[in-house]
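The values are calculated or read from the model by the stated rules, or taken from the named source; none is laboratory data. Predicted, not measured: the structure shown is a model, and the values here were computed from it. For neighbour counting, all protein chains shown are included, and Cβ atoms are generated from backbone atoms with ideal geometry for every residue, glycine included. Ligands, DNA and RNA are stripped out before the accessible areas are found, and what is left, the full protein with its side chains, is counted by its heavy atoms. Shrake-Rupley method; radii C 1.70, N 1.55, O 1.52, S 1.80 Å.
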Amino acid sequence: MTTSGAGQPLIPQPPATVAALREAIRQIVPAALPAFTRELDQAADHSRQGSDLAPLQRFIAQWAAYVHIQRQPDMAADLRSWEELAESGDAAQARQAASEIGRILDRAHAAVGLSTR
């Protein structure tokens, strides 16, 4: 992963296009490329089968938010911590973690200006 100054994003937020998101992922989280490709193929197949762009739009929104989070090391670390607590904590901790994860994802979606609906 590329490093940056304290609190600074690793890269600028890329445009919400498949090519730009793929390049951003290649730069900051190359291990996520297989999942990106697999999910892109699935979204494209669903779009073709239903003659509907919604699956591709959801894919773009999901991955734009992912890049928004991952390009900011502190935010990405917070998300990982909450995800770990959600998996290993008791019920109350899992609820709190789910709430915090939701807040992070909501902020990321708002920041990239895309809806998942």
Computed FRET value (nearest 0.05) for Ala98 with Gln8, which takes r as the C-beta separation and R₀ as 25 Å | 0.30
Can you give the accessible area per residue of segment 1-63, in Å², using a 1.4 Å probe?
-> 60
Residue-wise, which Karplus ³J(HN,Hα) couplings in Hz belong to segment 14-28, taking 6.51 cos²θ - 1.76 cosθ + 1.60, θ = phi - 60°, and x for glycine or proline?
-> x, x, 7, 10, 4, 4, 5, 5, 4, 5, 4, 5, 4, 6, 9
Degrees between helix 54-70 axis and first principal axis of the chain (Cα, 0 to 90, nearest 10) = 40
Can you list the equivalent-ellipsoid semi-axes of the chain, largest first and in whole Å, using the square root of 5 times each Cα gyration tensor eigenvalue?
-> 25, 19, 13
So between Glu23 and Glu83, what do we pick up on full extension, going 0.36 nm a residue minus the alpha carbon distance?
-> 19.1 nm
Global form of segment 51-117, assessed from the alpha-carbon gyration tensor, a/c cut-off 1.5 | prolate
Degrees, to the nearest 10: 91-112 long Cα axis against longest axis of the chain = 50
Angle in degrees between helix 33-50 and the longest Cα principal axis of the chain, rounded to the nearest 10 | 50
